[in-house]
1. Figure the gain on full extension for H221 and K337 (residue separation times 0.36 nm, minus the Cα-Cα span) and round it to one decimal in nm.
2. Taking amide H positions as placed in the peptide plane 1.01 Å from N, state which residues far from V106 in sequence (5 or more) or on other chains have amide H under 5 Å from it.
3. Please give the Cα centre distance for segment 218-252 versus segment 80-121, rounded to the nearest Å.
4. Can you give me the long-range amide H partners of E227? Hydrogens built in the peptide plane at 1.01 Å from N, cutoff under 5 Å, separation of 5 or more residues or another chain.
5. Which one, V55, L11, A97, is farthest towards the positive end of the dipole of segment 11-102 when Lys and Arg carry +1 and Asp and Glu -1 on their Cβ?
6. Divide by every residue of the chain the summed helix terms, -39500 (n - 2.57) for each DSSP H run of at least 4, and state the resulting mean residue ellipticity at 222 nm, rounded to the nearest 500 deg cm²/dmol.
7. Which FRET efficiency, nearest 0.05, do D318 and E197 yield, Cβ-Cβ r, R0 30 Å?
8. Among D13, D108, D171, which one shows the biggest mean-square fluctuation in a GNM of the chain, springs joining Cα atoms closer than 10 Å?
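Just so you know, all these numbers are worked out from the coordinates, no wet-lab data involved. Since the structure is predicted, the reported quantities are computational estimates derived from the model, not experimental observations. Virtual Cβ from ideal backbone geometry, glycine too; neighbours counted across all protein chains shown.
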Amino acid sequence: MITAEQLYGKLKDIRVGNPLCQFTEQICETLLPTIERIEELKREKNAIILVHNYVAPQILYGVADHTGDSYGLAKKARESTADVILFAAVRFMAETAKILNPGKMVLDPNPDGGCTLADGITAKDVALLRAEFPDHTFVCYINTTAEVKALCDTCVTSSNVYMIMERIDNDKIYFLPDRLMGENVKKYLQAKGVNKEVEVYDGTCYVHEEYQPESVDQVRHNFPGVEILVHPECSPGVVDKADYVGSTSGMLDHVRGSDHESFFLLTECGLTGILESEFPNKQFVGTCTTCRYMKANSLEHILNVLGNPAPRSIIELDPKVQQNALRCVDKMFSYLKD
Ligand code: 13P
Ligand code: SF4
């Protein structure tokens, strides 16, 4: 188990974000009893804790067994032999863990943790679209509910969307729900000379849609030599100006392997915090955009849910939805075999 000193060592260089992401040794000491209690419960219940890269740093560094992007964490959930999987992120990620490993108890400490993408489309919307576009392959971003996944042909994540869309054996694709990601993939396919008719749904991520191409120009001008990393949920105008486009873990890995000294990440600022902790001597041009849903996770909620989960925090799926959603998510894994 981590000590207060070790925790402070991980958190002390984080500057980005709001004051809630900044830590003193004293704060770390006050967090320790809750962290200890969570660790005890993990042992008692044979539980693991999966934490998305955007979640608050005291959770990432204090109690996580695995951290990562939505793809990496889905894989961890799928492979887990623990009895209980607690997923500190947003609802669709916890649901995906249940889809992939239905025999486990999957706990969501943040049951109201929506996502503007996942909340922007219902199964009924998809059913109507399928009737309107009967010849299209329906591709859903992982940021969707289990009910929506159950009606789609394959799922994708930000780490594999370009590759899977290229590999799909149909020249007619309906991509949902992220319009900006869909437009980015369309441009990518066109640039590669891959001829596909791609229809896109009109959803967006409220965090990533805010970034403007002008901000990228301004940062390049103010910080010569800066490397600019962008999440594919950003608009094509922003993505076109990036040095690297990828998932949250893709961006972390890219910085870890880069010789550059300064970086600007256009994504939720938790990611920049992780890098500030790992590379205190490099420069990170801060964005202060937080995802309110991811940041709604807390150590207190995790402790309460592990100790005595309320029914709303235990993921339950209709068996038919689970089966069909699994077919959809498994299809994604099948594209990634070679
Ligand atoms: P990643 O899979 O890249 O972590 O993205 C999840 C997400 O919700 C980004 O906003
Ligand atoms: Fe959803 Fe955007 Fe938050 Fe990611 S950052 S969970 S896409 S609202």
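1. Working: separation 116, 0.36 × 116 = 41.76 nm, distance 4.18 nm.
Extending this stretch completely gives an extra 37.6 nm.
2. I85, I315
3. The two parts, judged by their Cα centres, are 29 Å apart.
4. S262, F263, F264
5. Checking the options against the dipole of segment 11-102, the answer is A97.
6. -13000 deg cm²/dmol
7. FRET efficiency, D318 to E197: 0.35.
8. D171
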